[in-house]
């Protein structure tokens, strides 16, 4: 099982968003090339800890659309940093509303400043070595 993913392998919009957050608030001298060659840890999130008030109010057809994105693989995983969800609120909501209990996420801790990222909610990060409870 993979434990890390190279940032350059992520979806273009996602990797560009995180490069901008890194370059503006953490390391202004970093080049895109250097940033895209870094890798981030894969972590597991416990979706059971999210209350209904934490989730986006998605219609059934929206849940279906976001679940298609989720199933597209590692390039579109939600992202966390310092125990905070920083990208993927719609995907997380769709997974929870679909009955998923856990999911994989990218951990950008140390690469972005969560105070500047506009993080969305606190999440419970689990050890990746545990099996996913689906």
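Quick note: the coordinates plus some simple rules give every number you see, no bench work behind them. In this text, all values refer to a predicted model and were calculated from it rather than measured experimentally. All Cβ positions, even for glycine, are placed from backbone atoms using ideal geometry, and neighbour counts span all protein chains on display.
Observations on the structure shown:
- With neighbour counts taken as other beta-carbon atoms within 10 Å, the residues 30, 103 rank, fewest first, as 30, 103.
- Here the contact order of the chain, divided by its residue count and restricted to Cα pairs under 8 Å and six or more residues apart, works out to 33 percent.
- Cα-based helix-to-principal-axis angle, 60-70 vs the chain, degrees rounded to 10: 40 degrees
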